[in-house]
Amino acid sequence: KPAYMILTIGLNGITSFVNNKNLYQNCYGNLIDAIQKASPDTRIMLQSVYPVAANQKTFTADAATLNGYIDILNGYVKELAAAKEVRYLDTNSALKGPDGNLPESYQNGDGIHLTAEGYRVILDYIRTHGYQ
């Protein structure tokens, strides 16, 4: 029963969820409810989905399209956090470069997964925006 829990949902299934807000929020909401039932004193934080870099090749959509989808999902996450009265962590904004993509130095070469430097950005953000 941890004092704090950060939930981070990734990109898998993004094209299924981007046009189905209710399904996304219901599935995610059920997870939050289960955690709160099992550990009512745990303070939950919902972390935004991370942006992708321009060189990502895992998905058929380009980075601009994917980052647009990610922004939509992050809107769903932010709404859900407000509805469930938990903290929302907008680490996506902290990770985006000036071009709206994940910078080269924050990704491990596949355009999706983070480097130690990228994780340091996230940890710094959580330290200043998470529960105090």
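The values are calculated or read from the model by the stated rules, or taken from the named source; none is laboratory data. All values derive from a computational prediction rather than experimental measurement. All Cβ positions, glycine included, derive from the backbone under ideal geometry; neighbour counts span all protein chains shown. These area figures cover heavy atoms from the full protein model, side chains too; ligands, DNA and RNA do not enter into them. Shrake-Rupley method; radii C 1.70, N 1.55, O 1.52, S 1.80 Å.
Indicate, rounded to the nearest 5 percent, the antiparallel portion of the DSSP beta bridges found entirely in the chain.
Details: 1 of 9 bridges.
Antiparallel bridges make up about 10 percent of those DSSP assigns within the chain.
Cα centroids of segment 107-132 and segment 25-52: 19 Å apart.
Roughly how many Å² is the accessible area per residue of the chain, as a whole number, for a 1.4 Å probe?
Details: 7230 Å² over 132 residues.
Ligands and nucleic acids excluded, the result is 55 Å² per residue.
Report, to the nearest whole %, how much of the accessible area of the chain belongs to carbon and sulfur atoms, 1.4 Å probe, protein only. Don't skip to the end; give the middle numbers.
Values: 3780 of 7230 Å².
Within the chain, the accessible surface is 52 percent carbon and sulfur.
What the phi angles of segment 42-59 give under the Karplus curve with 6.51, -1.76 and 1.60, with θ = phi - 60°, is a coupling list of 6, 8, 9, 10, 9, 8, 5, 6, 6, x, 10, 8, 4, 8, 4, 10, 5, 9 Hz, glycine and proline written as x.
Just to confirm a number: summing +1 for Lys and Arg and -1 for Asp and Glu over residues other than Asn26 whose beta-carbon lies under 13 angstrom from that of Asn26, what do you get?
Values: positive: Lys21, Lys84; negative: Asp33, Glu79.
Its environment carries a net charge of 0.
The convex hull around the C-alpha trace of segment 66-132, projected and averaged over every direction, spans 4.9 square nanometres. Short-range pairs are left out: with C-alpha atoms under 8 Å and at least six residues apart, the relative contact order of segment 18-99 is 40 percent. The solvent-accessible area of Lys96, taken with every protein chain present and a 1.4 Å probe, is close to 60 Å². Measuring from label point to label point, each 7 Å out along Cα→Cβ, what is the Asp124 to Lys78 span in nm? Result: 2.2 nm between the two label points.
Comparing Gly97, Gly75, Gly13 in a Gaussian network model of the chain (Cα springs below 10 Å), the most mobile by mean-square fluctuation is Gly13. The phi torsions of segment 62-77, fed into the Karplus equation with coefficients 6.51, -1.76 and 1.60 and a -60° offset, translate into couplings of 6, 4, 4, 5, 4, 5, x, 4, 4, 4, 5, 4, 5, x, 4, 5 Hz, rounded to whole numbers, with Gly and Pro shown as x. Between Thr65 and Lys21, the distance separating the two model label sites (each 7 Å from Cα on the Cα→Cβ line) works out to 2.3 nm. The listed residues Thr91, Thr65, Thr128, once ranked by accessible area (1.4 Å probe) with the largest placed first, stand as Thr128, Thr65, Thr91. Each residue was assigned an accessible area with a 1.4 Å probe, and for Val77 the value is about 0 Å².
Which residue, Tyr88, Tyr76, Tyr119, has the most motion in a Gaussian network model of the chain that connects Cα atoms within less than 10 Å? Of the options given, Tyr119 has the highest mean-square fluctuation. With θ taken as phi - 60° and the Karplus curve 6.51 cos²θ - 1.76 cosθ + 1.60 applied, the whole-hertz 3J(HN,Hα) list for segment 17-34 is 8, 4, 9, 9, 3, 4, 4, 4, 5, 5, 4, 5, x, 4, 5, 4, 4, 5 Hz, x standing for glycine and proline. Take Gln132, project a point 7 Å from its Cα along the Cβ direction, then tell me which residues of segment 41-63 have their backbone nitrogen under 16 Å from it. Those under the cut-off are none; the list is empty. Just checking the listed ones, Asn74, Asn30, Asn92: in the Gaussian network model of the chain with Cα springs under 10 Å, the one fluctuating most is Asn30. Near Arg43, the amide H atoms lying under 5 Å from its own belong to Tyr4, Met5; only residues 5 or more places off or on other chains count, and H is placed 1.01 Å from N.
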